[in-house]
Amino acid sequence: MKKLYAILFIVALVHTGVYGQAKKPTIMVVPANVWCTHNGYTQKYNNQGIITELPDYKKALDNDLNLVNVITKIGELMAEKDFPLKDMASSIRSIEQSSAEHEMTTSSTSGASLAESPLDRLMNRAKADILIEVVWNINTMGPKRSVTYTLRGLDAYTNKQVAATQGTGEPSMAAEVAVLLEEAVVDKMDAFVSQLQKHFDDLMANGREVALEVHVFDNGSGVNLESEFGGAELQEIIEDWVAQNTVAHRFSLTDATENMMLFEQVRIPLYRENGMARDTRSFANDLRKYLNQKANLTCKVMTKGLGKAELVIGEKEKRYENKEYDIYRLVCMLCHVCGSTGL
């Protein structure tokens with residue numbers, strides 16, 4: 001009997017240890033689009049001839065102290081719940097440092113540049129699992145003020161809402177917006193983070209939802225998705241690979257022709273066997289390697305936001321092509337090597 005109790009005690013300890021060390025989603029706090037638009041923090045983006053208006057997070061962070069304080073306060077509240085956070089300001093700085101490399105990435109065949117919006121760049125750089133969108137409004141009642149707020153948790157890969165809370169705090173004499181927000185949301189944070197964790201638990205069990213497009217570049221090779229390799233059509237080879245590399249073979253092939261395939265609701269594991277995180281690009285890149293080995297095909301992978309990748313069969317990318325600042329950049333690289341601070 002004593003041995004039985006000892007075994008049960010050890011099992012209980014192991015069970016507690018496993019669940020006590022459960023993985024948490026990585027989170028980034030951002031101002032909601034409606035808040036950015038209302039306060040004039042937007043920028044126009046030319047996406048291959050189509051003009052769209054997107055939030056200008058850098059401008060907002062540089063000019064609105066209340067936003068900085070609110071993001072910091074929400075970060076503190078989330079940290080108390082042991083949720084890792086990604087800093088938006090740091091991610092934006094990293095993007096600025098590498099923006100020249102993005103601008104100099106072109107197709108060696110068509111010369112087309114990568115179609116990636118500033119928001120796509122931020123998401124790809126931060127690699128957060130969940131975005132927390134925040135929007136608030138200050139209500140004034142005599143000498144007291146209160147805050148009406150909305151917090152939305154969005155899956156960063158699909159933009160689907162996975163958690164939400166909203167409300168209005170009690171009137172207070174507090175002057176700072178961040179303090180008013182804390183007073184309003186503190187009693188609802190447990191329920192909010194519980195929704196976030198529930199969604200992340202689903203991702204752990206059933207995989208992350210992404211989308212994958214496969215296209216064939218018409219380069220005169222005669223290869224399309226109906227071409228046969230080893231007795232199987234290329235379309236079959238790709239579909240079988242996707243089935244074998246998704247969680248519980250969960251995906252939907254929503255469209256397929258001789259030149260394209262569209263996979264949606266593709267559930268990929270959050271982590272690789274070595275424990276490293278897996279994202280849409282790495283998933284598509286594994287397919288690229290497989291097709292190169294299986295059928296000796298040259299492929300190119302491009303990301304369209306965080307949750308969608310495009311695999312183009314028959315084309316590769318090339319850097320430093322037809323850019324006016326090639327010589328300037330090469331000189332700068334040499335200056336960096338020799339330690340010079342200028343030209």
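Scan region 249-285 for residues that are open to solvent by less than 40 Å² (accessible area, probe 1.4 Å) and part of a helix (DSSP H, G or I) and jot them down.
Matches in region 249-285: THR280, SER282, PHE283, ALA284.
Can we say ASN292 is over 30 Å from ASP155 (Cα atoms) and part of a loop (DSSP other than H, G, I, E, B)?
Answer is no for this residue.
Can you name the residue in region 232-248 that is in a helix (DSSP H, G or I) and within 19 Å of GLY207 (Cα to Cα) and, of all such residues, is most open to solvent (accessible area, probe 1.4 Å)?
Applying the filter and picking the extreme gives GLN244.
Would you tally the residues in region 66-82 being open to solvent by 40 Å² or more (accessible area, probe 1.4 Å), among the β-branched types (Val, Ile, Thr) and more than 12 Å from MET28 (Cα to Cα)?
1
Residues that are closer than 16 Å to LEU151 by Cα: which helices (runs of 4 or more DSSP H) entirely in region 18-89 hold 1 or more of them?
33-38, 65-80
Quick test of your reading of the structure: GLY230 fulfils all but one of (1) under 27 Å from ALA128 (Cβ atoms); (2) at pLDDT below 95. Name the failing condition by number.
So GLY230 meets the others, but not (1).
Regarding VAL34, is this residue touching a residue at least 40 places away in the same chain (Cβ under 8 Å), loosely packed, with under 13 Cβ neighbours inside 10 Å and among the hydrophobic types (A, V, I, L, M, F, W, C)?
Considered against the rule, which asks whether it is touching a residue at least 40 places away in the same chain (Cβ under 8 Å), loosely packed, with under 13 Cβ neighbours inside 10 Å and among the hydrophobic types (A, V, I, L, M, F, W, C), VAL34 comes out as yes.
How do the strands (runs of 3 or more DSSP E) wholly within region 111-210 filter down when requiring 2 or more residues that are open to solvent by less than 30 Å² (accessible area, probe 1.4 Å) and hydroxyl-bearing (Ser, Thr, Tyr): which remain?
Working: elements: 130-141, 144-155, 161-168.
Correct list: 144-155.
So the check is Cβ under 7 Å with 6+ separation or different chains; which pairs have a first residue in region 227-253 that's free of Cβ contacts under 8 Å to residues at least 12 places away in the same chain and a second one that's in a helix (DSSP H, G or I) and not small (Gly, Ala, Ser)?
SER227/LEU234; ALA243/HIS249
The values are calculated or read from the model by the stated rules, or taken from the named source; none is laboratory data. Computed from a predicted model, the values in this text were never measured in an experiment. Cβ sites come from the backbone with ideal geometry, for glycine too, and all protein chains shown count toward neighbours. What goes into the accessible areas is simple: the full protein's heavy atoms, side chains included, and nothing from ligands, DNA or RNA. Shrake-Rupley method; radii C 1.70, N 1.55, O 1.52, S 1.80 Å.
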